[in-house]
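**Q** My questions all concern the structure below.
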Amino acid sequence: MNARTQVGIVGAGPAGLVLGRLLELQGIDSVVLEDRDRDYVENRVRAGVLEQGTVDLLLEMGVGQRLEREGLVHHGVELRFGRRGHRIPFDELTGGRGITIYGQQEVVKDLIAARLESDLPLLFEVDDVRVEGIEGDSPALRFRHDGAEQELQCDFIAGCDGFHGVCRDAVPDGVLSLREHDYPFGWLGILARVEPSSDELIYCHSDRGFALHSMRSPELTRLYLQCEPDEDLDGWPDERIWEELRARFASDGWELKEGPIVEKGVTPLRSFVAEPMQHGRLFLAGDAVHIVPATGAKGLNLAVADVRVLAEGLRRWYSEGDDSGLRAYTERCLRRVWHAQHFAWWMTQMLHRMPDDRDGFFAKLQLAQLEYACSSRAAATALAQSYVGWDGTRELS
Ligand code: APR
Ligand code: PHB
């Protein structure tokens with residue numbers, strides 16, 4: 001392997017792989033290091049909602065052919081509460097914008113295929129990655145691969161290694177401010193081999209707790225139930241899951257289609273932001289620096305937005321010797337990150353049953369917010385604009 005590269009990328013999730021592709025298109029060398037095997041990263045089931053801007057970027061990068069064929073374009077979502085559905089029409093409220101349903105692991109598969117097709121370095125099953133020298137001009141990544149110790153000299157390091165990665169910890173103590181919030185609930189998610197019961201996503205508020213109807217394809221439905229953050233799956237045989245889903249989604253004239261469950265898991269809901277997102281020659285992106293609760297499906301979109309800003313900063317640096325884009329990295333990204341963080345928190349607190357809501361005060365507030373979001377054009381537009389993706393453009397002076 002080439003022991004020197006321009007950008008060393010740690011992590012082959014959406015952040016690392018999109019960055020690698022953007023750099024390739026700009027003629028900048030990179031090496032991607034991933035600690036899991038290819039099969040694992042290609043099959044890990046995650047969220048599946050792509051903002052319009054994310055779709056446009058994947059198409060521009062030449063990795064959107066299958067996405068165009070198989071992605072499901074949605075022009076709205078349903079908010080269901082009090083046993084009734086209310087549609088938020090994204091296209092009408094946001095000048096024709098929408099979202100595309102396409103699993104994150106499908107995006108990852110397409111990006112890996114494109115990188116291998118271009119014959120660019122992507123190393124799986126790399127062990128013990130260490131980040132060194134980020135405060136100087138020539139940082140390095142040390143790691144073990146195929147049993148041998150390796151050293152990769154870099155101009156810059158991109159820490160795209162997710163929340164549990166090693167890059168964030170390479171920043172010296174006292175530099176990062178960490179802000180976090182753990183929500184008092186999680187999601188029990190299933191993938192079922194059955195046709196979706198609705199053409200669009202359904203975010204459902206009920207007195208038994210939140211439920212979400214999503215999908216992956218015309219044959220695969222993705223469903224979630226609010227549960228305890230550490231819920232034990234052993235207490236949830238398939239029949240109990242369907243029973244609970246039926247009860248929460250109950251609405252006149254609507255029926256939940258059921259089929260074999262092919263995947264089951266519990267995800268806690270949390271918010272986390274570390275800032276600044278850069279220290280010396282190390283740039284952190286995606287889940288390595290921010291986690292959003294899944295309620296707004298912003299995680300992948302934020303990861304992609306970060307590396308887009310980073311790739312543009314690196315382009316300016318390499319082609320014009322101008323470091324202004326790199327210096328502005330944290331500020332540019334955080335504007336969007338904190339907006340998404342607020343949106344995801346807002347959706348979460350509006351839709352989930354709050355523990356200790358003894359006299360139902362919070363439930364009443366939630367219903368008031370939901371009524372407003374579905375009745376007022378201004379409120380529905382705010383929801384739609386954030387859902388399809390807000391890039392921080394200042395429209396008011
Ligand atoms: N060395 C190399 N690779 C690592 C290391 C390490 N020490 N630690 C973690 N990784 C890898 C993980 O195995 C994973 O493949 O880094 C990758 C990080 O990818 P993601 O967790 O998918 O994070 P990111 O690319 O930022 O994408 C964010 O992922 O969690 C979802 O909802 C989130 O959709 C969002 C997206
Ligand atoms: C999903 O399809 O996995 C999904 C959809 C919407 C969300 C979160 C997850 O808000």
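The values are calculated or read from the model by the stated rules, or taken from the named source; none is laboratory data. Since this is a predicted model, take the numbers as computed values, not measurements. Positions of Cβ are generated from backbone atoms using ideal geometry, with glycine treated the same way; all protein chains shown enter the neighbour counts. The area values use the complete protein model at the heavy-atom level, side chains included, leaving out ligands, DNA and RNA. Shrake-Rupley method; radii C 1.70, N 1.55, O 1.52, S 1.80 Å.
**Q** Considering segment 276-320, what Rg and Dmax in Å follow from its alpha-carbon atoms?
**A** So, for segment 276-320, Rg and Dmax equal 12.2, 41 Å respectively.
**Q** Quick one: pull the percentage of alpha-carbon pairs in segment 185-265 with a separation above 18 Å.
**A** 34
**Q** Further, regarding this structure: With θ set to phi - 60°, apply the Karplus curve 6.51 cos²θ - 1.76 cosθ + 1.60 along segment 141-153 and write out the HN-Hα couplings as whole Hz, x wherever there is a Gly or Pro.
**A** 10, 10, 6, 10, 9, 6, x, 10, 6, 10, 9, 10, 7
**Q** So, one more: How much of the accessible area of segment 66-117, in percent, comes from carbon and sulfur atoms when a 1.4 Å probe is used?
**A** Accessible surface attributable to carbon and sulfur in segment 66-117 totals 44 percent.
**Q** Quick one: in segment 214-318, what % of C-alpha pairs are over 19 Å apart? If you can, show how the numbers build up before the last one.
**A** Values: 3342 of 5460 pairs.
Result: 61 percent of Cα pairs exceed 19 Å.
**Q** While we're on this one: Tell me which of Gly235, Tyr203, Ser217 sits at the most positive position along the dipole axis of segment 169-245, charges placed on C-beta atoms (Lys, Arg +1; Asp, Glu -1).
**A** It is Ser217, whose Cα lies furthest towards the positive end.
**Q** Between 0 and 90 degrees, rounded to the nearest ten: what's the tilt of helix 361-375 against the longest Cα principal axis of the chain?
**A** Between the helix axis and the principal axis of the chain, the angle is about 80 degrees.
**Q** For segment 8-52, what is the largest minus smallest coordinate of the Cα atoms on each principal axis, given in angstrom and ordered from greatest to least?
**A** In descending order, the Cα extents are 32, 30, 12 Å.
**Q** What list of whole percents do you get for P(r) of segment 264-361, with Cα-Cα distances grouped in 5 Å bins up to the one holding the largest distance?
**A** The distribution over segment 264-361 is 2, 12, 21, 18, 14, 11, 8, 6, 4, 2, 1, 1, 0, given as percents.
**Q** Also, I was wondering about something else. Give the separation of the Cα centroids, segment 164-221 to segment 336-397, in Å.
**A** When both Cα centres are located, 16 Å separates them.
**Q** Can you tell me the 0 to 90 degree angle between the C-alpha axis of helix 238-249 and the longest principal axis of the chain, rounded to 10?
**A** With rounding to tens, the tilt is 70 degrees.
**Q** Oh, and also: For segment 40-178, what is the convex hull volume of its Cα atoms per residue in Å³?
**A** Numbers: hull volume 27.9 nm³, N = 139.
Convex hull of Cα atoms, per residue: 201 Å³.
**Q** Given the rule -39500 (n - 2.57) for each run of at least 4 DSSP H residues, summed and divided by the residues of the chain, what is its mean residue ellipticity at 222 nm, to the nearest 500 deg cm²/dmol?
**A** Taken over the chain, the calculation gives -11000 deg cm²/dmol.
**Q** A further question follows. Go through Leu302, His290, Gly389 and say which Cα lies farthest out towards the positive end of the charge dipole of the chain; charges sit on Cβ, +1 for Lys and Arg, -1 for Asp and Glu.
**A** So the residue we want is Gly389.
**Q** Moving to a separate point now. Apply the Karplus curve 6.51 cos²θ - 1.76 cosθ + 1.60, θ = phi - 60°, to the phi angles in segment 20-31 and return the couplings in whole Hz, x for Gly and Pro.
**A** Each residue's phi maps through the Karplus curve to give x, 5, 4, 5, 4, 5, 9, x, 9, 6, 8, 10 Hz.
**Q** Right, here's the next one. Among the listed pairs Lys298/Lys364; Lys264/Lys364; Lys264/Lys298, give every one whose C-alpha distance is greater than 23 Å. Intermediate results must be reported in sequence, preceding the final value.
**A** On the way: Lys298/Lys364 27 Å; Lys264/Lys364 32 Å; Lys264/Lys298 21 Å.
With Cα atoms farther than 23 Å apart: Lys298/Lys364; Lys264/Lys364.
**Q** Still on this model: How long, wide and thick is the chain, going by the Cα atoms along their three principal axes, in whole angstroms, largest first?
**A** Reported extents, whole Å, longest axis first: 63, 52, 42.
**Q** Further question: What are the residues whose amide H is under 5 Å from the amide H of Met215, where those residues sit 5 or more places off or on another chain and H is modelled from the backbone?
**A** Arg222
**Q** For segment 152-193, which whole-number percentage of the solvent-accessible area (1.4 Å probe, protein heavy atoms only) is attributable to carbon and sulfur atoms?
**A** Heavy-atom surface of segment 152-193 belonging to carbon and sulfur, 1.4 Å probe: 47 percent.
**Q** Which whole-number value in Å² is the accessible area per residue of segment 162-303, probe 1.4 Å? All intermediate terms of the calculation are to be shown ahead of the outcome.
**A** On the way: 5850 Å² over 142 residues.
Per-residue accessible area for segment 162-303 comes out at 41 Å².
**Q** Given bins 10 angstrom wide, list per bin the percent of all Cα-Cα distances in segment 57-119, short to long.
**A** Computed distribution, short to long bins: 19, 36, 26, 14, 4, 0.
**Q** Here's a follow-up. Per residue and in cubic angstrom, what volume does the convex hull of the Cα atoms of segment 97-239 have?
**A** Dividing the Cα hull volume of segment 97-239 by its residues yields 240 Å³.
**Q** Just to be sure I understand the curve: with the Debye formula and one point per C-alpha of segment 1-117, what is log10 I(q)/I(0) at q = 0.11, 0.12 Å⁻¹?
**A** Taking Cα atoms of segment 1-117 as identical point scatterers yields -0.46, -0.53.
**Q** Show Glu244, Glu255, Glu125, Glu263 ordered by accessible area, largest first, where the area counts protein heavy atoms only and the probe is 1.4 Å.
**A** Ranking Glu244, Glu255, Glu125, Glu263 by accessible area, largest first, yields Glu255, Glu125, Glu263, Glu244.
**Q** Further, regarding this structure: So what's the gap between the Cα centers of segment 35-113 and segment 222-258, to the nearest angstrom?
**A** 23
**Q** Further question on the same structure: Using DSSP to call loops (not H, G, I, E or B), can you name the chymotrypsin sites (Phe, Trp or Tyr not before Pro) in segment 200-276 whose Cβ has at most 11 other Cβ atoms within 10 angstrom?
**A** Of the chymotrypsin sites (Phe, Trp or Tyr not before Pro), not one in the loops of segment 200-276 has a Cβ with at most 11 other Cβ atoms within 10 Å.
**Q** Moving to a separate point now. For Leu220, what accessible area in Å² do you get when you roll a 1.4 Å probe over the heavy atoms of the protein chains, rounding to the nearest 10?
**A** Its heavy atoms expose roughly 40 Å² to the probe.
**Q** Same structure again: Which whole-number percent is the relative contact order of the chain (Cα, under 8 Å, 6+ apart)?
**A** Value for the chain: 20 percent.
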